[in-house]
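Below is one structure, written out as structure tokens, with a few remarks after it.
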Amino acid sequence: MTRPIAYFCAEYALSDKLQIYAGGLGVLAGDYVREAGDSGLPFVAVGLYYSGGFAHKELSSAGQVVDLHDGVRPEDAGLTHVLDESGKELKVRIPIGQSIVTAKVWLYEYKSAKVYLLDTKVSENSEADQHITETLYITDKEVRLKQEIVLGIGGLRALLSMGIHPAYYHLNEGHSAFLIFELIHHEMKEHQFDFEGARAIVRDRVLFTNHTLLTAGNDVFSNDLVSLHLAKYAQEIEIPVKQLVDLGLVQQSSTFSMTILAMRSAGKINAVSKLHATKAKEIWSDHPMEPITNGVHLPTWDRIGENEMWSQHQANKKNLLNLIKEKTGNAWGENEILLGWGRRMARYKRPLALVERLKQFGEMARDKNRPIRVVFAGIAHPADTDGKELLEELQYRLSSDLSGVAVYLPHYNLELAGLMTSGCDVWINTPVVGFEACGTSGMKAALNGVLPLSTRDGWMDEVEMYGIGWGLSDNELTQNMLDTLSDQILPLYYEKNQAGVPEKWVTMMKNARELIKNEFSMSRAMRQYLEFIQFTSTE
């Protein structure tokens with residue numbers, strides 16, 4: 001039997017019903033799973049089942065910043081129990097602190113791809129331990145550490161207990177890096193290697209993908225906290241806890257970094273765009289990264305097809321406009337240009353850049369001959385005070401200066417992302433250059449003929465913008481956006497033939513779509529990954 005690739009990630013956007021993702025990392029992981037399934041690749045994925053979903057902040061219909069979470073019963077999300085040889089629920093045991101934590105395993109299947117999700121909500125655990133896997137990206141650092149121990153160590157134990165012995169292990173971000181310890185232990189036990197010998201073998205089988213250079217995206221814990229929670233585990237596998245902890249210790253500090261652990265232990269490391277790899281080298285000069293630019297799963301995000309592009313786009317736009325009317329009461333026309341911004345609310349993404357100069361933008365937007373409409377969507381982590389402030393500021397503007405011109409749609413999930421990236425006319429992407437590792441929402445939009453208005457960050461740095469969209473300068477961003485709208489975008493969109501079709505605009509839509517199909521699909525990214533690790537079906 002072919003030994004599969006094992007993919008470890010903290011979040012997966014597998015379906016709208018299964019709220020175990022927070023944003024781009026999970027959406028990418030979901031696309032990766034679907035691409036693996038479509039290609040028939042021998043592939044297993046490992047994650048956690050969060051019974052309480054992802055706690056987040058967003059704007060309510062009443063205009064208040066509210067805290068929400070989207071838990072769902074696993075059976076209602078299409079998950080099934082994994083059973084052991086005796087027909088009982090498969091369970092694995094993981095030493096954490098002074099406890100033995102038990103986790104059961106759920107299965108999600110997509111064609112040949114299988115996703116195994118560990119869940120600590122079992123009767124064998126204490127009340128506190130039952131809640132370890134309840135909330136994605138929980139703010140409590142100790143519980144977050146326990147989650148990552150369950151994911152990495154428990155994840156491998158689950159695979160091995162099912163008789164699954166992967167050829168390679170792909171760590172998608174550092175959250176699952178404790179997998180390294182269990183792999184080393186397994187090699188020492190099975191082949192009588194010493195610690196360093198086992199570590200060398202493990203290096204050849206581990207690929208690590210880094211997704212962010214931002215501190216908030218790279219988990220760190222105190223050295224003492226990690227030592228405390230790994231002590232019983234270290235005793236069980238007969239490796240000194242200091243030897244384990246030293247692998248993730250930041251030099252000349254008392255901080256343990258999951259990213260450093262992954263980088264020191266993986267034989268191959270990749271960034272998710274060429275610019276990301278360049279910027280990463282400035283931070284981690286000892287760990288060069290191969291750029292493998294992200295891609296999107298075309299069947300999931302393509303809502304326009306190959307024929308009658310303009311008419312299909314207008315149909316997609318109508319679906320979005322109907323939702324906007326239902327949620328906000330604003331009835332906008334299909335022939336009014338619609339700009340969209342949708343992603344996590346973060347300062348570096350500059351969600352309000354378009355409307356920083358309200359008076360100037362308001363006059364442009366309310367021009368009866370060339371009206372502008374804008375739809376925003378996005379959520380913030382409960383602990384992100386900047387995100388909360390951005391939501392509050394957006395609401396203030398929507399309720400006053402932008403009334404009737406711009407709206408916010410709540411519950412930004414896979415379904416809404418699909419509606420927006422196919423129904424808008426222009427997709428706004430305004431991160432500070434060097435901060436967005438890749439940014440795939442613009443790929444989904446361009447696939448559907450939604451033209452980019454973007455700074456040259458992430459994947460956009462690799463694109464020749466002429467003929468597919470408009471590039472923005474990183475400085476004087478707001479004025480640059482307004483000038484580009486006034487001088488280039490609006491004249492092009494509102495220049496229509498007798499049938500009401502903006503012919504030059506449609507040509508750009510086709511160009512943007514072809515770019516994504518040819519260069520930024522998940523099938524291309526998957527092929528690059530397989531070449532990078534030199535995986536063949538005979539492994």
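The values are calculated or read from the model by the stated rules, or taken from the named source; none is laboratory data. Nothing here was measured: the structure is a model prediction, and the numbers come from that model. For neighbour counting, all protein chains shown are included, and Cβ atoms are generated from backbone atoms with ideal geometry for every residue, glycine included. Heavy atoms of the whole protein, side chains included, go into the accessibility calculation; ligands, DNA and RNA do not. Shrake-Rupley method; radii C 1.70, N 1.55, O 1.52, S 1.80 Å.
Working from the alpha-carbon coordinates of the range 32-107, get Rg over Rh, Rh being the Kirkwood radius.
Radius of gyration relative to Kirkwood radius: 1.10.
Between the beta carbons of PHE532 and MET465, assuming R0 = 35 Å, the FRET efficiency works out to 0.80 to the nearest 0.05.
By the rule of a C-alpha distance below 12 Å, with chain neighbours fewer than 8 residues away ignored, the aspartates and glutamates paired with LYS368 are GLU336.
When peptides 480-492, 242-254 are sorted by average Cβ neighbour count within 10 Å, with the highest value leading, the order is 480-492, 242-254. Label point of THR2 set 7 angstrom out along Cα-Cβ; within the range 107-122, amide nitrogens under 15 Å from it belong to 111-114. Cross-linked pairs LYS141/LYS232; LYS17/LYS141; LYS57/LYS327; LYS274/LYS444: Cα-Cα separations exceed 22 Å for LYS17/LYS141. Angle of helix 385-399 to the longest C-alpha principal axis of the chain, folded into 0 to 90 degrees and rounded to 10: 20°.
Summary of packing: across the peptides 71-77, 84-90, the per-residue average of other C-beta atoms within 10 Å ranks them, highest first, as 71-77, 84-90.
Amide H to amide H, with H built 1.01 Å from N, ALA55 comes under 5 Å of LEU136, counting only residues 5 or more places away or on other chains.
The residues of the range 350-443 present an accessible area of 35 Å² per residue when probed at 1.4 Å with all protein chains retained.
Plainly put, the range 269-328 has a radius of gyration that is 1.31 times its Kirkwood radius, both from alpha-carbon atoms, as the Rg/Rh ratio. Whole angstrom only: what separates the Cα centroid of the range 105-171 from the Cα centroid of the range 463-506? One Cα centre to the other: 46 Å. Loop-located GluC sites (Glu not before Pro) across the range 454-484 with a Cβ neighbour count of 14 or fewer within 10 Å are GLU464, GLU476, with loop assigned by DSSP. The share of Cα pairs per 10 Å bin across the range 399-539, counted from zero up to the longest distance, runs 10, 33, 36, 14, 5, 2, 0 percent. Highest mean first, the peptides 294-300, 153-159 sorted by other C-beta atoms within 10 Å per residue fall in the order 153-159, 294-300.
Values of log10 I(q)/I(0) for the range 347-418 across q = 0.23 Å⁻¹ run -1.11, by the Debye formula with one identical scatterer at each alpha carbon and no solvent.
Only protein atoms count toward the accessible area here, which uses a 1.4 Å probe; on the chain, the carbon and sulfur part of that area reaches 48 percent.
Compared with the alpha-carbon gap, the fully stretched path from PHE195 to VAL250 is longer by 17.8 nm at 0.36 nm per residue. A simple spin-label model places pseudo-atoms 7 Å from Cα toward Cβ; at LYS504 and ASP386 they are separated by 3.8 nm.
Spin-label pair LYS281-SER161: with each label point 7 Å from Cα along the Cα-Cβ axis, the two points sit 4.5 nm from one another.
Using equal-weight Cα scatterers in the Debye expression, the normalised intensity of the range 73-184 in log10 at q = 0.22 Å⁻¹ is -1.45.
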